[in-house]
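In what follows, a structure is listed as structure tokens, so that the remarks can point back to it.
Derivation of every value follows stated rules applied to the coordinates shown; laboratory data play no part. Note that the structure is a prediction, hence the values are computed from the model and not measured. Here the Cβ positions follow ideal geometry from the backbone for every residue, glycine too, while neighbour counts run over all protein chains shown.
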Amino acid sequence: MSGDGSAYADAMRRAIALSREALGRSNPNPAVGAVILDRAGQVVGSGSTQAVGGPHAEAVALAEAGERARGGTAVTTLEPCRHTGRTGPCTRALIDAGVTHVVFALGDPHGPAAGGAGELSAAGITVTDGVLADEADAVVGPWRTAVARRRPHVTWKYAATLDGRSAAADGSSRWITGPQARADVHLMRAQADAVLVGSGTVLADDPLLTVRGLDWPRRPARVVVDTAARTPVTARVLDGEARTIVAVGDEADPERVKALRATPAEIVALPLSGPHVDLRALQAALYEREIFLVLLEGGPTLAGAFLAAGLVDRVVGYVAPALLGAGPAALADAGVATIAGARRLRLDSVERVGDDVRLVATVPGEGES
């Protein structure tokens, strides 16, 4: 691509800040921010992608800029889309607005939408890419990973004591962490497309898996991995207050499955891999339903199965300054037999949250380090 992007760093930082505001609000569309500069380089429009069915970031910013966009520059965190979906193509909006330069941070890997840069160039618009790509990727990277791999990006969240226990010897686990950490988890839920647990968690805790303590415009889906269809029809997760998907094995007891189908939940029958639901088939089913960002809150067994299958992309651990000495570990068998086989993660951040510590790490993909 042509052009020098260094002069647009401030505008891109503003666009990235706007994209953060869209996290969890634009899903399943990516959280994108955009800024319009006039001929003199002054900000005349800005915006972020709205709730699904609403305008994309570029359209919001162009509407605010009006005629002042003509001859100016559009700065956006993601390559403008070129397809007609729920809304019209952003490339056409930019061309019609008369901008002469488009600057973006990251390419769009989504097949139908990709190629916007080429369309803009063909229309005579100067295009510059890669500006503050790493900073923008911190926001939209999980969505791009999901689209590129055609499966949901999975963040495994866990809470543990300093000695790595997720519960006491008697099974009690409320509350390992403090109120600030728990509020942080609700924000993570809000920003996800779905919260995922196993049937063991449903049977033990009967969780709602909803977003609480936040005024939020959308409700993430709730997914239960339930190979044997053990979820009681009275489980709170089946209350119909938010979309719920129960993934059962295709060999589960037909009467139990029939009972679940009578609830508000969507029941998805999947093939088995060993004694459990095939997690890759589950990922494919969720992706088909436009669930791109998954927060895995299941217990240690389900987390270990996801890790063993290579389906965890990020880990967020909340560590409490407490010791138990006994009780289940935060992670069960993840297919690692020797220290040489340990999954080495890339530590992204360490931050104190109330009395607890939050660690965020990326699981490198195949061939990455």
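Hey, could you grab the Kirkwood Rh for the chain? Inverse mean 1/r over distinct alpha carbon pairs, Å, one decimal. Don't jump to the answer; show the numbers that get you there.
Values: mean 1/r = 0.0454 Å⁻¹.
Value: 22.0 Å, from the Cα pair sum.
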(Q) List the residue ranges in the chain for DSSP H helices whose C-alpha atoms run 27 angstrom or more along the long axis and whose Kyte-Doolittle average is 0.5 or above. (A) none
Q: Scan the chain and hand back the longest stretch that contains none of the GluC sites (Glu not before Pro) lying in DSSP loops with at most 16 other Cβ atoms within 10 Å.
A: 1-240
Q. What FRET efficiency would be calculated for the residue pair ARG219, TRP175, taking the C-beta separation as r and a Förster radius of 22 Å, to the nearest 0.05?
A. 0.40
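Just in segment 148-257: which chymotrypsin sites (Phe, Trp or Tyr not before Pro) are loop by DSSP and have at most 11 other Cβ atoms within 10 Å? Each step should come with its number before you reach the end.
On the way: sites: TRP156, TYR158, TRP175; in loops: TRP175.
Taking segment 148-257 and a limit of 11 other Cβ atoms within 10 Å, the loop chymotrypsin sites (Phe, Trp or Tyr not before Pro) found are TRP175.
Under unit Cβ charges (Lys, Arg +1; Asp, Glu -1), what dipole magnitude, rounded to 20 debye, does the chain have relative to its Cα centre?
320
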Q) ALA168 to GLU288: FRET efficiency via 1/(1 + (r/R0)^6), r the Cβ-Cβ distance, R0 30 Å, to the nearest 0.05? A) 0.15
Q | Point-to-point label distance, ALA269-ARG149, nm (Cα→Cβ direction, 7 Å offset) | A | 2.9
Q | Residue-averaged 222 nm ellipticity for the chain, from DSSP H runs of 4+ at -39500 (n - 2.57), nearest 500 | A | -8000 deg cm²/dmol
Q: Could you work out the relative contact order of the chain, using alpha carbon pairs under 8 angstrom and six or more residues apart, expressed as a whole percent?
A: 15
Q: Treat each spin label as a single point 7 Å out from the Cα along the C-beta direction, and report the ASP355 to ARG261 distance in nm.
A: 5.0
Q. Between GLU67 and GLU241, 0.36 nm times their residue separation minus their Cα-Cα distance comes to what?
A. 58.2 nm
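Report the relative contact order of segment 6-139, percent, no decimals, based on alpha-carbon pairs under 8 angstrom and at least 6 residues apart.
22
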Q | Potential extension, ALA183-ALA9 segment - 0.36 nm per residue separation minus Cα distance | A | 59.4 nm
